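I have placed the structure first, in the form of structure tokens, so that the comments after it can refer back to it.
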Amino acid sequence: MKSLKLRYDNMEWERLLSGKRFGMEGPFTTSHDDRSVFLRDYDRLVFSAPFRRLQNKTQVFPLPGSVFVHNRLTHSLEVACVGRSLGNNAARYLASIHPELNDSYLSEIGNIVSAACLAHDMGNPPFGHSGEKAISAFFTEGSGQYVKELLKDNPNWWTDIINFEGNANAFRLLTHKFVGRRRGGFAMTYSTLASVAKYPYSSFYAEGHHKFGFFESDAEAFRSVADELGMIRLSEPGQPLKYARHPLVYLVEAADDICYLIMDMEDAHKLKLLSTDETKHYLMEFLTPEGRARAESIFLEVLDANEQIAYLRSKVIGRLIDECTRAFIDGEKEILAGTFQGCLIDHISKPLSQAYHYLYDMSVKRIYHSKFVYDVELAGFRIISTLLELNVDAVLHPEKEYSKLLIGRVSSQYEISDPSPYVRIMAVLDYISGMTDVFALDIYRQINGNSLPSI
């Protein structure tokens, strides 16, 4: 470990909380309103087209029929709410522990975390996590295997695409200079960008679990953010980049962990995959005896089943927020030293941890492996595989007449004419991962001749 020259003994809050904007590293410009730089991050994301498109991307269940369930947009908004609570709680405790940080951005932690929560799923392709699997499978099992020979000049190019990861794609979306766009992408603050990076290392380290935080094309951007904030570098000089997490990643991750499990269960209840009694049983496991008694008394007055579940959901989320805040504060030293193990959910009190994993095990069997979910995954695999096959072939063989037709409908912001095969393939992934479920399905039908554009 002595050879790791760039490793700091500990990360420092003063450096970790920075208002510097990526791509706008010059002097700050004067703001004409009273929003902090981190609130402007939040607002910038809300008003962006990629964020709006999340309303038509699958979370877990198929998008609405007669019963409205969560999509990526509603999920991200709820995660941002929980993240703000976690961040504000953590900031309050940290302020009491570190009064010397009163003049820092410590009070803005809630705003940083909520902005990062909004962005955390923006890089996900259509059709939920099956979209990620479909992209990886196209290159490892499907007709895209021949691409490996074209990318032999840099092994990390191949590991980028065979382990395609929505988290890495989110960092790319936020920072990459697409054709005709401004330098710095969304020009987010360094702290918000670092808080989005759940896996702060390159695809070189993704073997076996397919998780990583940035593509090879964006490694230099990540390095500049991480080094500016004083994040601990874990990789040897000259090796692909690997860092310890920015501390606020733990709060973003906890907000996501809390929301997806609890809200997916509420959706499963609305879709009648779980009965009201079953749902109550699983949620009651999180409450104290006093909390359960209180809930039972309220149910005598509130007879609507959906309202009863909503009440329990709010109480469970509140308890998990308190427990994850405590775990974060208790683990602060290890987090700043880069030695904290696992996620915050792993460090909550035993009764709550048991209830969480009990619910998770049930959700895997009854929800995530349900027919609803499998139907989305099957459709997603076929649609994305077809779009990839045709578009990758088009950018690698642009001289073909059919290629010209396909390329003609792709936005000029994507680098499909670059000399590098890697850049062209990444442009295809940018294009397809940015699609909504409905748009991807529409293009698939048109390509296959199943429908014609309306006039």
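Summary table below
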quantity: Criterion: buried (at least 18 other Cβ atoms within 10 Å of the Cβ) and more than 15 Å from CYS259 (Cα to Cα) - qualifying residue of GLN308, GLN354; calculated: GLN308
quantity: Selection count where residues are surrounded by fewer than 14 Cβ atoms within 10 Å (Cβ to Cβ) and either in a helix (DSSP H, G or I) or acidic (Asp, Glu) (or both), scope region 333-345; calculated: 2
quantity: Unique match (being part of a helix (DSSP H, G or I) and closer than 13 Å to TYR431 by Cα) among LEU388, LEU405, LEU378; calculated: LEU388
quantity: Test set (1) surrounded by fewer than 18 Cβ atoms within 10 Å (Cβ to Cβ); (2) among the hydrophobic types (A, V, I, L, M, F, W, C); (3) touching a Lys or Arg at 6+ places or on another chain (Cβ under 7 Å) - LEU229 fails condition number; calculated: (1)
quantity: Among the candidates TYR431, TYR374, residue that is of a type in the set (Phe, Trp, Tyr), open to solvent by 20 Å² or more (accessible area, probe 1.4 Å) and either more than 30 Å from LEU283 (Cβ to Cβ) or modelled with pLDDT of 90 or more (or both); calculated: TYR431
quantity: Qualifying residue in region 36-57 (condition: in contact with a strand residue (DSSP E or B) (Cβ under 8 Å, 6 or more places away or on another chain) and modelled with pLDDT under 90); calculated: yes
quantity: Conditions (1) open to solvent by 20 Å² or more (accessible area, probe 1.4 Å); (2) over 29 Å from LEU77 (Cβ atoms); (3) out of contact with any Asp or Glu (no Cβ under 9 Å at 6 or more places or on another chain): number failed by SER235; calculated: (1)
quantity: Failed item in (1) under 18 Å from GLY180 (Cα atoms); (2) open to solvent by 50 Å² or more (accessible area, probe 1.4 Å); (3) free of Cβ contacts under 8 Å to residues at least 40 places away in the same chain, with SER412 passing the rest; calculated: (3)
quantity: Complete set of residues in region 281-305 that are more than 23 Å from LYS371 (Cα to Cα) and surrounded by 19 or more Cβ atoms within 10 Å (Cβ to Cβ); calculated: LEU283, PHE286, LEU287
quantity: Helices (runs of 4 or more DSSP H) within region 97-172 that include 2 or more residues of a type outside the set (A, V, I, L, M, F, W, C) and surrounded by fewer than 24 Cβ atoms within 10 Å (Cβ to Cβ); calculated: 128-140, 147-150, 155-162
quantity: Qualifying residues in region 434-450 (those that are surrounded by fewer than 19 Cβ atoms within 10 Å (Cβ to Cβ) and part of a loop (DSSP other than H, G, I, E, B)) - the one modelled with the lowest pLDDT; calculated: ASN450
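The values are calculated or read from the model by the stated rules, or taken from the named source; none is laboratory data. Computed from a predicted model, the values in this text were never measured in an experiment. Glycine gets a Cβ as well: all are built from the backbone with ideal geometry, and neighbour counts include every protein chain shown. When the accessible area is computed, the model is the full protein with side chains, heavy atoms only, and any ligands, DNA or RNA have been set aside. Shrake-Rupley method; radii C 1.70, N 1.55, O 1.52, S 1.80 Å.
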